[in-house]
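The values are calculated or read from the model by the stated rules, or taken from the named source; none is laboratory data. Everything quoted here is computed from the prediction, not taken from an experiment. So basically every Cβ, Gly included, is an ideal-geometry build from the backbone, and we count neighbours across all protein chains shown.
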Amino acid sequence: MSARSARSVSRRDFLQATGGLVIGFALAPRLALGQDRPAPLPGSLNANRMLDAWLRVDPNGTVTIFTGKIELGQGIGTALSQIAADELDVDLKRIEVVSGDTARTPNEGQTAGSLSIEQSGTALRFACAEARDILVSAAAVKLGAPAAELKVSDGAISAPDGTSVTYWDLARDADFKREATATVKPKPPAAHRWVGKSIARRDIPKKFTGGAAYVQDVRLPNMVFGRVVRPPSPGAQLLSVDEAAIRRLPGVVAVVRDGSFLAVAAEREELAIRAREALARSARWGETESLPPAGDALYRHLMSSTVPGETVVEKTSPVVAMPVKTLEALYTRPYQCHGSIGPSCALAQWQDGKLAVWTHSQGVFPLRAELGKALGIPTKDIRCMHAEGAGCYGHNGADDVALDAALLARATSGRPVKLQWMRDDEFMWEPYGSAMVMKLSGGIDAQGNIVTWSHELWSHPHSTRPGASAGVNLLAARHLAQALAPGLPADVPQPAGGAARNAIPLYDFPNVKVVKHYIAEAPLRTSALRTLGGYANVFALESFVDELAAAAGADPVDFRLRHLKDPRARGVIEAAAQRAGWRPSVRGDGTRGRGFAFSKYKNLACYCAMAADVQVDRPTGRVSVTRVVAAVDAGQIVNPDGVINQIEGGIIQSTSWTMLESVRFDRTRVMTRSWADYPILRFTDVPEVEVVLLDQPAERFLGVGEGSQGPTAAAIANAIANATGKRLRALPFTAERVKQAMA
Amino acid sequence: MILVLRAAHIGVAYACGEDKEDTMASFTLRVNGETRTVSVEPDAPLLYVLRNDLELNGPKFGCGLAQCGACTVLVDGKPVRSCVAPVSTVAKGRITTIEGLGTMDRLHPLQRAFIEEQACQCGFCGNGMVMSAKALLDRTPRPNDRQIKGALNGHLCRCASHNRIVRAVHRAAKEMRP
C-alpha cells in the first residue's frame, strides 16, 4: 500500500506539498536517499505515529485503546487488551477497546493476513510502554522522587516513602499528543501478567445472551429494510422491470434502479423480501455465457491461458548429483466459498450530503476510499464504523453490501437503511477463492534425497479487496448505468505472495524452480479466502513431498526432517509426530491410514505440523477424518486458547474445504445458491483435534489465523494414500471421487 | 405487558395494501414469559417479528431456508426454525429465545458453559446451538457425544467450533444434573 501510494504521488502534488519549485528541487535529492523519512517505528506505529492515536487515559479510571484492526471472532480485542494492560501495569478490566472507525482509530488497512497481533499488537505494545513512561515521569515530578524508584500497580504509582498518585489523577496532564519514539523498551516476557494467559474473550458473553453483538443488531431510529436484486448471472444485464408495480406493494418505501443495479427498501423486513421477490419476477435480463467450463475442463482452461509463466524463484546447485528417479504430478483446487453463516449486511444513512456506514468490512479505511470513488464524494464526507458480522474468512460480500446500502439510502430521504443480503446473494456474488492448478515435478538421487524441485501454478487473483487495484471493486459499481469497473489487480508480491503463497518450499532442496501464471482477468470474481494461494500450494507441495518419500522408500516424517535445517520447523514436526504417536513407515490397512504435513504460513508466520487419521469406506468412497494432532510455533503467544481456537478451527474448516467444497456453475450461471448446493462439514463428520503449542516467549509474534489450512489438506491426502495406496490430487475428495479412485 | 410497535409504519403499509393477503392482523405472542401483541401479516416469518418488532438479537438470519439453524427458537420446548415459521402458526405456542434462557447476571447453565468453553469464534451460529442443546437436555439430561452431535447436526458452524460446542453441552449437562 505505502509503496504504491508513494509512487502515485505526481510531481505536481509533490511540488504543491512542499511549497514550490525551489524547495522541491532542493529537497528532491535528499528525499531520494531517504534521509528525510522519519525513523521507522515498530508495527503499525510506523504509519500512525502519534501516541494519542493509540490510547487515552481517562480520569474515570479506564484506559481506551484504539486499533484499526477489527474483531472477526478471532479474539483480537481481547489479545490487544492483554498486551496493553501488561505494558501499562493496569488491570485488564480497565481496558476499553475502540476498533475500526474512520473517525476515531488508526488506519491499519485490512484486518487480514494473520497480521493483527504482529502489526497492531506490536504498535500498542510500544505505545503503551511509552505512555507508562510518560505517566511515571509526571508522577516523579509530582511526588518528588526519581522515576526509577517508582512502582506501578494497577495504575497507582507509588514512591518509596509511601506517597502515591494514580494514572487517573495524571490523566489530564499527561501529554500523549506527541509522536511515538519507541525508545521505551517493552517488558520482558517474565514480567507479563496477562500476556501468555488464556484470558476469556470479551466479545463472547454478549453473543450468548442476545446482546447487540453484530452489525445486524444495529437499529437506528426511523430505519427501513433493504434488499438487492442481483442479476441472475455475472454477464447479465437488466432489460426491463416494472418498478412502478413494485412501488405500489405494501410497505415499499423506495425502489432504486440504476443500470442493472436493482434494490428495494420497505418499512418491514419481510415486506422488503417480498418486494425483492416481486422485482426478481418482474425483471427481464439479457444473459451471456461468460463463465469458464466446469469440471476437469476448468483446469485445462486455466492451463491454456496465454499468460506467460513468471519465475518466482530459481535456485540451482550444479554440484548435486543428477536425479535417479523423477516424478510429475498435477494437483487441482476448485473455486471455493467463504460461506459466512450470516450473509453480508450494512447500514447506511445520508445526512446533509454526508454518509455514515455501519459495516463488517475488514478494512474501514480502504472501504471508505472505495465508497468515495463509487459515489463520487470526498472521503471526508464518509464515516465507516465497524460492527461485527458473521465470520468472514477473507474478502466476502462485506464491502459490497456497504455500497448497496449507500446507493439505496440515497432514495430514502435521510432514513437509514439496513441492507441484508439473502443467502443466494452471498453464494452467487461473494468473491471466491480462486480455482488453481499446481504442476509439481521433482527428482531424488541414489540416496533418496530430493535434488530437483519444480512447482508451476495457474491462478486468478487472490486479493481484489477495496484498494487492491485501480477502479472500484465494489460489486454494485459495475452494475450501474455509469459503470465503474475494477482495475486488474496485481498479485500480492513476495515474500508473502498471493497466487504463489507458500509455493516456495521451506525445505533445503538444492534445485528449486517456482513459476506462476497469474491470470489477472477472472471470469468469476475471486479474492482473498483464508490463506490465499497457500491452501492449494501447501496441499500440492506437501502431497508431493510424500509422493517422493514413497518413491524413496522413506518415512514421511523422517523424509521431511532430513530436508530441513530450520530448528523451529523441525521442532513442530517432531512435536506433532511425537504427540500423535507417529510410527515410522507404517502402511495403512486398506481402510485406515495416517498422513503428515507441515508448513510455515507465508514462509513468514507460524510453523504448523500435523498428523491426520482417516477411515475410508471403500464401497461408498466416504472418508472420515477421525483425528488430527497439530503442533504450532507462533513465537510469543499472547492468548494460548485463542491460538488453539484458530488452529483447531482452521483444521476443521480446511477438512470441510478438502472433503466437500466446490462452487457449481455452468457456462452462464453460478448454480451454488444455498447450503443444499454447497454442503459443508457437520458435527458427525468433524475430526477430534488436539493442538500442541510450542511457546517461544523470547521470539516475536507470528500470525496463526491461517496457519493450519494448507497442511490439513495435504495431511488428509497423505492419510488416504497411506490407507489405500491411492493418491488423490483433485480437491475436494468427495465420496464419488474417492470411490472412482478405488475402482 | 402489551406492546404495539411501530403502529405508524404499519399503518402506512396497510394503507398501501392492494391484495387481501397483505392484510395485517393482530397476534398476541407469548415470548420469554411475556405477552406481546404485534400487527403483522399472518405469513410474516417469526424471525422478523422477534428481531424487528420485539428487538430481540438472539435469533439470527442465516439463510431464510431452514438450512443452517442460526434462527432457532423454542416453541413449546421444541426447536423451530423461525426464518420459515409464519407467525400465525406459532401464535398459540410458548416462544423462548436465548434471551429467555438467562441474562448476563443470571446465566443459564448452557450460556455459562458456552462462555466458559469459549465455544465460538464469530458466534453467529451460537444462538441456534444453544437453543437446540436446550431442547436436547430437556429430554435427554445425560447425552453422550453421539446424541449431542445428532441433535446439532442440522446446525452449521463455519468457524469450526464444533468440538468446543460439544464440550460446552457436556459441561452444561453436568451442571444441570440434580
Can you work out which of the residues in segment A:216-250 that are within 11 Å of chain B (Cβ to nearest Cβ) and over 30 Å from residue A:284 (Cβ atoms) is surrounded by the fewest Cβ atoms within 10 Å (Cβ to Cβ)? A:222
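Within segment A:152-169, track down each residue that is within 29 Å of residue A:699 (Cβ to Cβ) and either out of contact with any helix residue (DSSP H, G or I) (no Cβ under 7 Å at 6 or more places or on another chain) or part of a helix (DSSP H, G or I) (or both).
In the first step, residues of segment A:152-169 are kept if they are within 29 Å of residue A:699 (Cβ to Cβ); the result is A:152-154.
Passing the criteria: A:153, A:154.
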Log entry, pairs with first residue in segment B:108-129 being more than 18 Å from residue B:97 (Cβ to Cβ) and in the same structural domain as residue B:169 (by TED's automatic domain parsing), second being surrounded by 24 or more Cβ atoms within 10 Å (Cβ to Cβ) and β-branched (Val, Ile, Thr), beta carbons closer than 6 Å, six or more apart or on different chains, reads B:119/B:165
Scope segment A:107-142; condition under 18 Å from residue A:705 (Cβ atoms) and hydroxyl-bearing (Ser, Thr, Tyr); matching residues: A:111, A:114, A:116, A:120, A:122
Before we move on, is residue A:86 closer than 30 Å to residue A:391 by Cα, in a helix (DSSP H, G or I) and modelled with pLDDT of 90 or more? yes
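On the basis of being surrounded by fewer than 24 Cβ atoms within 10 Å (Cβ to Cβ), in contact (Cβ under 8 Å) with a residue 60 or more places away in the chain and more than 14 Å from chain B (Cβ to nearest Cβ), does residue A:583 make the cut? Can you show your working first?
Working: surrounded by fewer than 24 Cβ atoms within 10 Å (Cβ to Cβ): yes; in contact (Cβ under 8 Å) with a residue 60 or more places away in the chain: no; more than 14 Å from chain B (Cβ to nearest Cβ): yes.
Spelling it out, it is not the case that residue A:583 is surrounded by fewer than 24 Cβ atoms within 10 Å (Cβ to Cβ), in contact (Cβ under 8 Å) with a residue 60 or more places away in the chain and more than 14 Å from chain B (Cβ to nearest Cβ).
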Can you pull out every residue in segment A:376-403 that is surrounded by fewer than 24 Cβ atoms within 10 Å (Cβ to Cβ) and either over 21 Å from residue A:98 (Cβ atoms) or at pLDDT below 95 (or both)? A:376, A:377, A:378, A:381
Any residue in segment A:242-270 that is free of Cβ contacts under 8 Å to residues at least 40 places away in the same chain sitting within a Cβ distance under 7 Å of a residue that is among the aromatic types (Phe, Trp, Tyr) and surrounded by 22 or more Cβ atoms within 10 Å (Cβ to Cβ)? List the pairs, counting only those 6 or more apart or interchain. A:270/B:48
Six or more apart or on different chains, Cβ under 7 Å: which pairs go from a residue in segment A:145-168 that's over 15 Å from residue A:131 (Cα atoms) and assigned by TED's automatic domain parsing to the domain that holds residue A:60 to one that's among the basic types (Lys, Arg) and surrounded by 12 or more Cβ atoms within 10 Å (Cβ to Cβ)? Could you list them? A:158/A:151; A:165/A:142
In segment B:94-122, residue farthest from the other protein chains (Cβ to nearest Cβ) [restricted to those that are among the acidic types (Asp, Glu) and within 21 Å of residue B:55 (Cα to Cα)]: B:105
If I ask for residues that are over 22 Å from residue A:112 (Cβ atoms), surrounded by 24 or more Cβ atoms within 10 Å (Cβ to Cβ) and within 12 Å of another protein chain (Cβ to nearest Cβ), which ones from segment A:626-656 would you list? A:628, A:655
Residue in segment A:671-678 that is assigned to a loop (DSSP other than H, G, I, E, B) and either assigned by TED's automatic domain parsing to the domain that holds residue A:188 or small (Gly, Ala, Ser) (or both) present: yes
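Filter segment A:662-681 for residues that are away from chain B (no Cβ under 14 Å) and among the hydrophobic types (A, V, I, L, M, F, W, C); which is surrounded by the fewest Cβ atoms within 10 Å (Cβ to Cβ)?
Taking segment A:662-681 and keeping what is away from chain B (no Cβ under 14 Å), we get A:662-671.
Checking the rest, the ones that are also among the hydrophobic types (A, V, I, L, M, F, W, C) come to A:663, A:665, A:670-671.
Numbers: A:663: 22, A:665: 22, A:670: 22, A:671: 14.
Once the filter is applied, the top-ranked residue is A:671.
Tell me the strands (runs of 3 or more DSSP E) entirely within segment A:237-280 that contain at least 1 residues that are among the polar types (S, T, N, Q).
Filter on segment A:237-280 gives A:237-240.
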Taking segment B:65-96 on its own, how many of its residues are surrounded by fewer than 23 Cβ atoms within 10 Å (Cβ to Cβ) and closer than 22 Å to residue A:391 by Cβ? 3
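Please determine, by comparing only the residues of segment A:323-341 that are of a type outside the set (Ser, Thr, Tyr), assigned to a loop (DSSP other than H, G, I, E, B) and within 14 Å of chain B (Cβ to nearest Cβ), which one is surrounded by the fewest Cβ atoms within 10 Å (Cβ to Cβ). Even if it seems obvious, please write down each step before you answer.
So in segment A:323-341, the residues of a type outside the set (Ser, Thr, Tyr) come out as A:323-325, A:327-330, A:333-334, A:336-339, A:341.
After this cut, where a residue has to be assigned to a loop (DSSP other than H, G, I, E, B) as well, the list is A:323-324, A:334, A:337-339, A:341.
Narrowing further to those that are within 14 Å of chain B (Cβ to nearest Cβ): A:337-339, A:341.
Details: A:337: 23, A:338: 25, A:339: 27, A:341: 28.
Among those residues, the one meeting the criterion is A:337.
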Meets criteria (away from chain A (no Cβ under 11 Å), crowded, with 20+ Cβ neighbours inside 10 Å and either touching a helix residue (DSSP H, G or I) at 6+ places or on another chain (Cβ under 7 Å) or at pLDDT 95 or above (or both)) for residue B:174: no
Where residues in segment B:28-48 are hydrophobic (A, V, I, L, M, F, W, C) and part of a strand (DSSP E or B), which of them is farthest from the other protein chains (Cβ to nearest Cβ)? B:29
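From the list A:681, A:702, A:694, A:731, pick out the single residue that is in contact (Cβ under 8 Å) with a residue 24 or more places away in the chain, in the same structural domain as residue A:572 (by TED's automatic domain parsing) and under 22 Å from residue B:166 (Cβ atoms). Don't jump to the end; show me each part of the working.
Working: A:702 fails: under 22 Å from residue B:166 (Cβ atoms); A:694 fails: under 22 Å from residue B:166 (Cβ atoms); A:731 fails: under 22 Å from residue B:166 (Cβ atoms).
When all the criteria are applied, what remains is A:681.
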Please specify each residue of segment A:123-151 satisfying the condition of being surrounded by fewer than 22 Cβ atoms within 10 Å (Cβ to Cβ) and in contact with a Phe, Trp or Tyr (Cβ under 8 Å, 6 or more places away or on another chain). A:134
Is it the case, given these coordinates, that residue A:703 is touching a Phe, Trp or Tyr at 6+ places or on another chain (Cβ under 6 Å), over 19 Å from residue A:736 (Cα atoms), assigned to a loop (DSSP other than H, G, I, E, B) and not β-branched (Val, Ile, Thr)? no
When you scan segment B:57-78, do you find a residue that is among the charged types (D, E, K, R), over 13 Å from the mean Cα position of the chain (by Cα) and more than 7 Å from every other protein chain (Cβ to nearest Cβ), even just one? no
Return a yes/no flag: does segment A:342-350 have any residue that is of a type outside the set (Phe, Trp, Tyr), surrounded by 24 or more Cβ atoms within 10 Å (Cβ to Cβ) and more than 28 Å from residue A:674 (Cα to Cα). no
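Quick one: which of A:269, A:314 is under 35 Å from the mean Cα position of the chain (by Cα) and within 14 Å of chain B (Cβ to nearest Cβ)? Full working, then the answer.
Numbers: A:314 fails: within 14 Å of chain B (Cβ to nearest Cβ).
So the residue among A:269, A:314 that is under 35 Å from the mean Cα position of the chain (by Cα) and within 14 Å of chain B (Cβ to nearest Cβ) is A:269.
Among the residues of segment A:199-215, which ones are among the β-branched types (Val, Ile, Thr) and not in a helix (DSSP H, G or I)? Don't jump to the end; show me each part of the working.
We begin by selecting, within segment A:199-215, every residue among the β-branched types (Val, Ile, Thr); these are A:199, A:204, A:209, A:215.
Once the filter is applied, which keeps residues that are among the β-branched types (Val, Ile, Thr) and not in a helix (DSSP H, G or I), segment A:199-215 yields A:199, A:209.
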Within segment A:430-461, considering residues that are out of contact with any strand residue (DSSP E or B) (no Cβ under 8 Å at 6 or more places or on another chain) and either buried (at least 24 other Cβ atoms within 10 Å of the Cβ) or touching a residue at least 40 places away in the same chain (Cβ under 8 Å) (or both), the one nearest to the other protein chains (Cβ to nearest Cβ): A:430
